[in-house]
Amino acid sequence: MHSTLSKELEAFRASCRGQAQRHFSSLVPVMDGERRFPAEARPVLAEMGAYGLPFATSVGGQGGSWLAWAILHEEVARVLPALGIHFQVNCVVAGALLDCATPEQIARTVPALLSGEKVAFFAFTEPATGSDPSLLTTRAERIPGGWRISGQKRWITNATHADLGIVFARDPDGDVSLFLIPEGADGVHAGPATALLGLRGTGLADLYLDGVEIPEDHLLGSAGGRFATLKRAMTIGKLGLSSMSVGIMSAALDEAVSYANQREQQGHPIIEFQAIHHLLAEMVSRTEACRQLLYWAATCKDQGSEAIVEVASAKLFITQTAVDVCRMAMSVHGVYGIAEGTPVERMFRDAKMYELLEGTSEVQRELVMRAFR
């Protein structure tokens, strides 16, 4: 398809694609088969700028754009979609810290996240709630010189191998406050990695905080009012998920075209059949429509907008469409498309996961509609 991107961004895309193919193709069976997070990927991701590309150099980032970050996600996901959610979390946590933390707290934490030196977790969701702050049961109580935090978090990416992270908890006033859980804090432990349909090997697990005691200055910003920080930080996560979903669609299209050229029926490659033409044409048009919607949302964020509605719209449409495009790729493959371990079967599983994470489609619809009431 004709590109509307600058030559610099197209060169950046080519570089990302080459590095992803060279370094991450061999890690597909590690994550999806062994369900193990490949720590060996971290230096490559750091070199690519995955952890800090869109953030200012003054806080340890690379001073790039959100559009470039979206392209990077897209190209990593063409090879290994499960890997993208790992480095995305560092950016989400950095975004939350920059939103509400003090300069001292930022200086102490953010550069290590944006360089990839440290791996973070982002802990809001609980067994009883995924998006409603009024249902939070994790508690933060004051103690001499600091805070004691107790509770259970669920669906926490990087939980099994993170160094540090942030936790949303209900403070003594009943409001939602945000706390930094430092590396090596006593009382923090992850449960076993959750068995998932897709995105395996991401270290996603329950996180338990059993009377975790932290210093006073680990309260991020002032007490209370941190649901707004959550919404702004999750915009980063949704942009990442949308980017990775476009990458999955591109990979599914590549697989479908390759298979249709090789598979023969009645003495002809099936790519000559009209039914296959229709499936592939739908895949091409939907993938490109999603790519342009993604780039629009990222550009809105680059222009200084919070882009909450724009990114919610993108996440709603793109992640749902990715499931449809992967289903079409499976249809091109016929019964081979549902065989466990085949690329399109894995892509379908990963795409369905991205449709549900960072807020379901129903949540995104509500966010979009609030702008039109």
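Laboratory data are not the source of any read-out in this text; all were calculated from the coordinates shown. Given the structure is predicted, the values throughout are model-derived calculations rather than measurements. All Cβ positions, glycine included, derive from the backbone under ideal geometry; neighbour counts span all protein chains shown.
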From fewest to most C-beta neighbours within 10 Å, the residues Phe37, Phe121 line up as Phe37, Phe121
At most 16 other Cβ within 10 Å, DSSP loop - GluC sites (Glu not before Pro), the stretch 257-355: Glu306, Glu340
Take Leu9 and Leu196, extend 7 Å from each Cα along the Cα→Cβ direction, and tell me the distance between the two endpoints in nm. 2.8
Mind listing the phi-derived Karplus ³J(HN,Hα) values for the stretch 328-334, rounded to whole Hz, using 6.51, -1.76 and 1.60 with θ = phi - 60°, and x for any glycine or proline? 5, 4, 5, 5, 4, 6, x
Please list, or write none, the aspartates and glutamates whose alpha carbon is within less than 13 Å of the alpha carbon of Lys315, excluding same-chain residues fewer than 8 places away. Glu355, Glu358, Glu362, Glu366
How far apart, in nm, are the 7 Å Cα→Cβ label points at Ala289 and Thr57? 4.2
Quick note on Asp324, Asp173, Asp350, ordering by fewest other C-beta atoms within 10 Å, gives Asp173, Asp324, Asp350
Taking R0 as 56 Å, what FRET efficiency do you get between His278 and Glu141 from their Cβ-Cβ distance, rounded to the nearest 0.05? 0.35
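First obtain the Kirkwood hydrodynamic radius of the chain from its Cα pairs, then insert it into the Stokes-Einstein equation at 25 °C and 0.890 mPa s, and state the resulting D in µm² per second as a whole number. Walk me through the numbers before you get to the answer.
On the way: Rh = 21.1 Å.
Diffusion coefficient, whole number: 116 µm²/s.
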Counting other C-beta atoms within 10 Å, and keeping those with at most 16, which DSSP coil chymotrypsin sites (Phe, Trp or Tyr not before Pro) do you find in the stretch 304-373? Phe372
Round to a whole angstrom and tell me the spacing of the C-alpha centers of the stretch 245-259 and the stretch 1-78. 18
Relative contact order in percent for the stretch 228-370 (Cα pairs under 8 Å, 6+ apart) equals 33
Sum of side-chain charges, Ile214 neighbourhood, beta-carbon under 12 Å (Lys, Arg +1; Asp, Glu -1): -4
From the phi of every residue in the stretch 56-67, what ³J(HN,Hα) in whole Hz does the Karplus formula 6.51 cos²θ - 1.76 cosθ + 1.60 yield, where θ is phi - 60° and glycine or proline is x? 5, 5, 5, 10, x, x, 9, x, x, 10, 5, 5
Bins of 5 Å from zero: percent of alpha-carbon pairs in the stretch 22-157: 2, 9, 16, 18, 18, 15, 12, 7, 2, 1, 0
So, over other residues within a Cβ distance under 14 Å of Phe273, counting Lys, Arg +1 and Asp, Glu -1, the net charge is -1
Inter-label distance for Ser361 and Ile338, nm, one decimal - labels placed 7 Å from Cα along Cα-to-Cβ: 2.0
